[in-house]
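In what follows, a structure is listed as C-alpha cells, so that the remarks can point back to it.
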Amino acid sequence: MDAPTDVAAAPGAERPAHARGSMIVVVGLGPIGAGVGAALAERGERVFGIDSDAERAAAWASQTGMPSAGRLGDGPDREDIDVVIVAVRLAAQLWDVLDALPVGEGPVFVLSTLAVTDAHALGSSPHDIVEAPVSGGPRGARDGALTMFLHAREPLRPAAQRVVEDITSTVFAFHAYGLPAVAKLTNNTLAAYHALAVAGMAEVASDAGLDHATFMAVAAASSGQSWVGDHFTEFAQDLLFKDVELLQQDFPELPAIHMTGVRGREAEIDSARRRMERPALEGTLTVM
C-alpha cells in the first residue's frame, strides 16, 4: 500500500472547499448508495441517482434535489460522467450494471461487497474499476465517515480522489483486486465470531448466576472488551453473517473455535503474534 497522503477534515468537521462540478452517477439507492449520493450532493457535486425501484429513486431525488432515473439509459451520457459509483447488494446485479454501462474514461467505484472470486473477476472488466467495499453503514455513508478497502488499477484522478475524501474517514489501499474483499470479509467474520462468543459466554455467566447486564459491564471494563461487545445491542448481525457466507464461498472450512485442550494451544497464539510482528505488506492511507 501507499504511504499516508493528504489529510482531510475529521468526520463531522467542515471539509475544505474544492472546485466542484464533477458529474457523479450513483447506481443503487439503497442505504449506502443513497447516503453516499446525498453526502456528495451536499458537498457541491452534481449527482445523478439510478435505481430500478422508481419509488426509491423519486424519494431520493426529493430529499437531495438531484435528478434520478430507473435505468442507466435514462441518465447522463457516459462521456459526461466523471465517476460512477455502484452500490448494489448482489454480484449478479453488479454484473448487470457493468454490462449495461458503456465503457468510458471515468472510473467505476464498486462499493458492493463481493465474494473473493467475484472481486478478482473485476480485474478483467473493460471498465476502469475501483474495488472499494465499505464499512460504516447508512450513518457512515450519510456522514462521509465510511471505512473503505480500496484497489485502483490506475492512480485516482482529482474527481475520484475527492469522492474518496468526501465519503470516508479511513481508507485501506491494496495492490491487487480481491484483497479489499479479503480485508472486509475476514474482519467482519472475526466480528461474527466475537458476537457469537459474547452471546455464548453471557449464557454461561447466566447459568452460573451472573446476570447478562453485569457480565457485559465486566467485559467492557476488562480483558473481554471488544467493539462487538461494546455495541452488542446495536450492530446488524444479518450483515455480519452475510459477509461470513460470502467468505465461505471461497473458504468453506472456516476455523472452528473451541476450548477443548486449550492449555495445549499456546503455540497457536505465539505463531500469530510472530506473524503480526512482521512489517505489513499493505500500507495504510488514512483520511481523517
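A short reminder: the numbers here are calculations on the coordinates, not readings from a lab. Since the structure is predicted, the reported quantities are computational estimates derived from the model, not experimental observations. We place every Cβ from the backbone using ideal geometry, glycine too, and count neighbours over all the protein chains shown.
Find how much the distance from Arg71 to Ser206 grows on full extension, using 0.36 nm per residue of separation minus their present alpha carbon separation; answer in nm with one decimal. Please list the in-between numbers first.
Numbers: separation 135, 0.36 × 135 = 48.60 nm, distance 5.31 nm.
Taking Arg71 through Ser206 to full extension adds about 43.3 nm, to one decimal.
Is it possible to state the helix-based mean residue ellipticity at 222 nm for the chain, with each DSSP H run of 4+ residues giving -39500 (n - 2.57), the sum divided by total residues, to the nearest 500 deg cm²/dmol? What is it?
Taking each H run of at least 4 residues, the total per residue is -13000 deg cm²/dmol.
Dipole of the chain, Cα-centred, from +1 at each Lys and Arg C-beta and -1 at each Asp and Glu C-beta, to the nearest 20 debye?
The calculated dipole for the chain is roughly 420 debye.
Using a/c under 1.5 as the rounded threshold, could you call the range 133-199 rounded, prolate or oblate? The axes a ≥ b ≥ c are square roots of the C-alpha gyration tensor eigenvalues, and prolate needs a/b larger than b/c, oblate otherwise.
Because a/c hits 1.5 or more and a/b fails to exceed b/c, the range 133-199 counts as oblate.
Could you order the peptides 109-116, 199-206, 53-60, 155-162 from most to least packed, using the average number of other C-beta atoms within 10 Å per residue?
Top of the packing list down: 109-116, 155-162, 53-60, 199-206.
Could you give me the ³J(HN,Hα) list for the range 260-273, computed from phi with Karplus coefficients 6.51, -1.76, 1.60 and θ = phi - 60°, whole Hz, x at Gly and Pro?
5, x, 4, 5, x, 10, 4, 4, 5, 5, 4, 5, 5, 5
So what are the radius of gyration and Dmax for the Cα set of the chain, in Å?
20.9, 67
Taking the chain as the reference, fit the longest principal axis to its C-alpha atoms, fit the long axis of helix 31-42 to the helix C-alpha atoms, and give the angle between the two in degrees, 0 to 90, nearest 10.
50
How tilted is helix 91-100 with respect to the longest principal axis of the chain? Cα atoms for both, answer in degrees (0 to 90, nearest 10).
10
Calculate one ³J(HN,Hα) per residue across the range 126-139 by plugging θ = phi - 60° into the Karplus curve 6.51 cos²θ - 1.76 cosθ + 1.60, and present them in order as whole Hz with x for glycine and proline.
Coupling constants for the range 126-139: x, 6, 7, 7, 10, 6, 8, x, 10, 10, x, x, x, 5 Hz.
Search the structure for amide H atoms under 5 Å from the amide H of Phe109, placed 1.01 Å from N in the peptide plane, and list their residues when 5 or more places away or on another chain.
When sequence neighbours closer than 5 places are left aside, the close amide H contacts are Val84, Ile85, Val86, Val130.
Can you compute the FRET efficiency between Glu79 and Arg153 using 1/(1 + (r/R0)^6), with r the Cβ-Cβ distance and R0 = 25 Å? Round to the nearest 0.05. Working shown, then result.
Working: r = 20 Å, r/R0 = 0.79.
About 0.80, to the nearest 0.05.
Hey, quick one: spin label on Leu196, modelled 7 Å out along Cα-Cβ, who in the range 250-264 has an amide N within reach, i.e. under 20 Å?
Flagged as within label range: 250-262.
Rounded, prolate or oblate for the range 23-181? Axes are the square roots of the Cα gyration tensor eigenvalues, ordered a ≥ b ≥ c, and the cut-off for rounded is a/c under 1.5.
Taking the square roots of the gyration eigenvalues as a ≥ b ≥ c, the range 23-181 is rounded.
For Glu105, project a label point 7 Å along Cα to C-beta. Then give me every residue of the range 134-169 with its amide nitrogen under 14 Å of that point.
Only 157-160 fall inside the zone, counting backbone N under 14 Å.
By average Cβ neighbour count within 10 Å, what is the ranking of 31-39, 122-130, 96-104, 140-148 from highest down?
On the way: 31-39: 24.8, 122-130: 17.4, 96-104: 15.1, 140-148: 21.4.
Listed from highest to lowest mean packing, they are 31-39, 140-148, 122-130, 96-104.
Give the whole-number value, in cubic angstrom per residue, of the convex hull volume spanned by the C-alpha atoms of the range 216-279.
Dividing the Cα hull volume of the range 216-279 by its residue count gives 165 Å³.
Taking Cα centroids, how far is the range 66-102 from the range 199-215 in Å?
The two parts, judged by their Cα centres, are 49 Å apart.
When only C-alpha pairs under 8 Å and at least 6 residues apart count, what is the relative contact order of the range 182-260, in percent?
42
Quick check on the range 182-260: what are the equivalent-ellipsoid semi-axes from the Cα gyration tensor, as sqrt(5λ), descending, whole Å?
25, 14, 10
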